[in-house]
Amino acid sequence: MAPEPRHTAEREAFYARIATSSLAPLWEVLKGIQSVEPRPPEAMALWHYDEIRPMLMEAGRLISAAEAERRVLILQNPALREHSPPRISHSLFAGLQLIMPGEIAPSHRHTQSALRFIIEGEGAYTAVDGERTTMRPGDFVITPSWTWHDHGNETKEPMVWLDGLDLALVDLLNAVFFEAYGEDRFPAGRPEGDSIARFGSGLLPVDYERRGLTSPILNYTYERTREALEQMSRGGERDRCHGFKMRYVHPATGDWAMPTMGTAMQLLPRGFSGAPYRSSDSAVFVVAEGNGRTVVSGEALAWRQHDVFVVPSWREYHHEAADESLLFSFSDRPVQEKLGLWRERRAAS
Ligand code: 1HN
């Protein structure tokens with residue numbers, strides 16, 4: 001029922017008066033705050049790699065990695081263009097980084113965590129706290145919060161990967177710290193392959209004490225991930241929504257490999273058509289291999305190798321694979337789980 005005009009005027013006057021004491025009436029905004037279900041501000045969106053690539057290479061001519069510090073084209077959600085920090089979903093950043101032959105992206109560290117999913121090129125490196133890893137397509141490389149990292153390309157080909165960062169989450173908590181190392185490279189420490197030998201073989205150093213929340217494995221290589229999924233797809237029963245889906249884990253805890261971003265890889269057999277699914281975490285997908293489409297709220301996103309797409313929170317979607325396809329994905333699910341917020345719903349079979 002609409003208030004009587006006398007009350008309307010009186011209320012407005014009241015609101016104006018209390019505003020001078022930094023007060024406001026909740027009842028005027030309550031309905032905008034409470035929603036029956038998530039109302040994600042981001043749009044579903046897809047970027048075709050073959051359309052982006054020429055622009056990325058143009059960026060390579062226009063600015064050096066040294067000048068840019070990080071030569072990244074931001075994948076900006078079309079519905080969130082005004083938001084700072086930039087984002088692909090409400091909580092997460094994604095961008096495509098290019099390093100040309102001979103270039104170095106200088107060493108720095110920040111409290112935001114970063115993941116790299118390698119798209120193109122073979123043999124450039126990322127170094128984290130002095131340990132290098134050589135990157136190949138499909139590898140998932142971790143830069144934990146507050147670790148020194150630089151990237152370099154000593155090959156003859158351009159190198160491109162997707163960067164995923166928890167920028168908006170850390171910004172929300174006002175916990176952003178950043179430091180430049182001051183030189184291009186952080187001094188080399190452990191030899192290449194050290195972290196996978198210590199932590200990535202179902203073994204742990206006997207007196208290993210966990211430091212921090214992020215997995216000590218620097219690079220979850222595509223070779224191993226793909227092999228695991230392929231084996232699994234030969235024997236096991238597929239999930240009717242996800243096909244064969246594995247999450248990347250911290251080897252000492254079994255928890256997600258990163259505290260703020262949950263990462264996974266799934267294999268969709270050729271001809272797979274998944275059952276409808278929704279969850280409260282918006283997810284970013286990168287097509288490691290294959291082609292197919294993902295239908296989100298009845299609208300199809302047709303994807304092929306190296307494309308990136310984002311599915312907003314709580315929107316119903318299903319995947320269809322024309323060829324055998326591998327999809328890498330990441331989302332803020334670990335954060336939602338820790339806070340007791342995460343939900344999913346599968347269509348009744
Ligand atoms: C960053 O430090 C990197 O270290 C990549 O490679 C992307 C996007 C926003 C802020 C910092 C990197 C980034 C970033």
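The order of the peptides 320-327, 157-164 by mean Cβ neighbours within 10 Å, most packed first, is 157-164, 320-327. Each label point was placed 7 Å from the Cα along the Cα-to-Cβ direction; for VAL176 and GLU69 their separation is 1.0 nm. Near TRP256: Cβ cut-off under 11 Å, other residues only, Lys/Arg at +1 and Asp/Glu at -1. The net charge is 0. Using the alpha-carbon positions of the chain, Rg (one decimal) and Dmax (whole number) come out as 22.5, 77 Å. Could you tell me how far the Cα centroid of region 117-164 sits from the Cα centroid of region 1-59, in Å? If we compute the Cα centre of each part, the gap is 39 Å. Only lysines eight or more places from LYS245 in sequence, or on another chain, were considered; those with a Cα closer than 27 Å are LYS338.
In plain terms, the chain from ARG224 to LEU23 could stretch by 66.7 nm, reckoned as 0.36 nm per residue minus the Cα-Cα distance. Of the three principal axes defined by the Cα atoms of region 105-145, the extents in descending order read 27, 16, 15 Å.
Of all the Cα-Cα pairs you can form in region 5-140, what percent are over 22 Å apart?
So the pairs more than 22 Å apart make up 58 percent of the total in region 5-140.
Taking other C-beta atoms within 10 angstrom as a stand-in for reagent exposure, SER280, SER297, SER349, SER215 fall in the order SER349, SER297, SER280, SER215, fewest first.
None of the figures in this text is laboratory data; all of them are computed from the coordinates on show. As the structure is a computational prediction, the values presented were derived from the model and not from experiment. Positions of Cβ are backbone-derived with ideal geometry, glycine not excepted, and every protein chain shown enters the neighbour counts.
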